[in-house]
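J.: Below: one structure in structure tokens.
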Amino acid sequence: MSRYSLKPLPEHADLFEVALGWDAGFGTYFLTLFGAPDQDRETDIRLWRGTRPREIATAAALIALATPYAELPDDLARRLEIDRLARPINPDRPASGLLQQLLARPFGPSS
């Protein structure tokens, strides 16, 4: 997994952090927008994309989602692609198989 912490744009002063990266376990890029922590120091998640397998397939799609919220480095798309290539999806990994099994199961009480 890779993760980059980016500075929110000035018009998003309500955001504390914009985090994005590559999650090889889900085979997706992800974007998370964090609001400022409350008095109990709990972080407020304002937006979270890339929580399902293969939800955000390309670095370009992730960049398009993040552009309205953060200052993006010029080489970010290249770095994200390198991260994806360095940590490819591997369905033969035990954790990947377990994840697929868990996601295939229905949630709630069993009948």
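J.: Among the residues of the range 57-83, how many are of a type in the set (A, V, I, L, M), more than 22 Å from L9 (Cα to Cα) and touching a helix residue (DSSP H, G or I) at 6+ places or on another chain (Cβ under 8 Å)? Write out each step before concluding.
T.: Looking only at the range 57-83, we keep the residues that are of a type in the set (A, V, I, L, M), and these are 57, 59-66, 70, 72, 76-77, 80, 82.
Cutting the leftovers down to more than 22 Å from L9 (Cα to Cα) gives us 57, 82.
So of that shortlist, the ones also touching a helix residue (DSSP H, G or I) at 6+ places or on another chain (Cβ under 8 Å) come out as none.
The total comes to 0.
J.: Only one of these conditions is not met by D83: (1) within 20 Å of E17 (Cα to Cα); (2) of a type outside the set (S, T, N, Q); (3) in a helix (DSSP H, G or I); (4) touching a Ser or Thr at 6+ places or on another chain (Cβ under 7 Å). Which number is it?
T.: For D83, the failing item is (1).
Every residue, every condition in (1) touching a Phe, Trp or Tyr at 6+ places or on another chain (Cβ under 7 Å); (2) surrounded by 15 or more Cβ atoms within 10 Å (Cβ to Cβ); (3) free of Cβ contacts under 8 Å to residues at least 40 places away in the same chain; (4) more than 14 Å from Y4 (Cα to Cα), yes or no:
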{"site": "W48", "(1), (2), (3), (4)": "no, no, yes, yes"}
{"site": "A60", "(1), (2), (3), (4)": "no, no, yes, yes"}
{"site": "I63", "(1), (2), (3), (4)": "no, yes, yes, no"}
{"site": "D74", "(1), (2), (3), (4)": "no, no, yes, no"}
{"site": "D83", "(1), (2), (3), (4)": "yes, yes, no, no"}
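J.: Give me a count of the residues in the range 29-45 that are out of contact with any helix residue (DSSP H, G or I) (no Cβ under 9 Å at 6 or more places or on another chain) and either under 15 Å from A19 (Cβ atoms) or of a type in the set (A, V, I, L, M) (or both).
T.: Qualifying residue count for the region: 8.
J.: Among the residues of the range 90-107, is there at least one that is surrounded by 13 or more Cβ atoms within 10 Å (Cβ to Cβ), of a type in the set (G, A, S) and modelled with pLDDT under 90?
T.: The answer is yes; a qualifying residue exists.
J.: Next question. Name the residues in the range 8-27 that are at pLDDT below 95 and assigned to a loop (DSSP other than H, G, I, E, B), would you?
T.: A13, D14, A24, G25, F26, G27
J.: Any idea how many residues of the range 4-15 are surrounded by fewer than 17 Cβ atoms within 10 Å (Cβ to Cβ) and not acidic (D, E)?
T.: Selection size over the range 4-15: 6.
J.: Follow-up. When the residues of the range 28-56 are filtered to those that are hydrophobic (A, V, I, L, M, F, W, C) and either part of a strand (DSSP E or B) or at pLDDT 95 or above (or both), which remaining residue is farthest from E11 (Cα to Cα)?
T.: It comes out as I56.
The values are calculated or read from the model by the stated rules, or taken from the named source; none is laboratory data. Since we're looking at a predicted model, the values are computed, not measured. Reconstructed Cβ throughout: ideal geometry from the backbone, glycine too, with neighbour counts over all protein chains shown.
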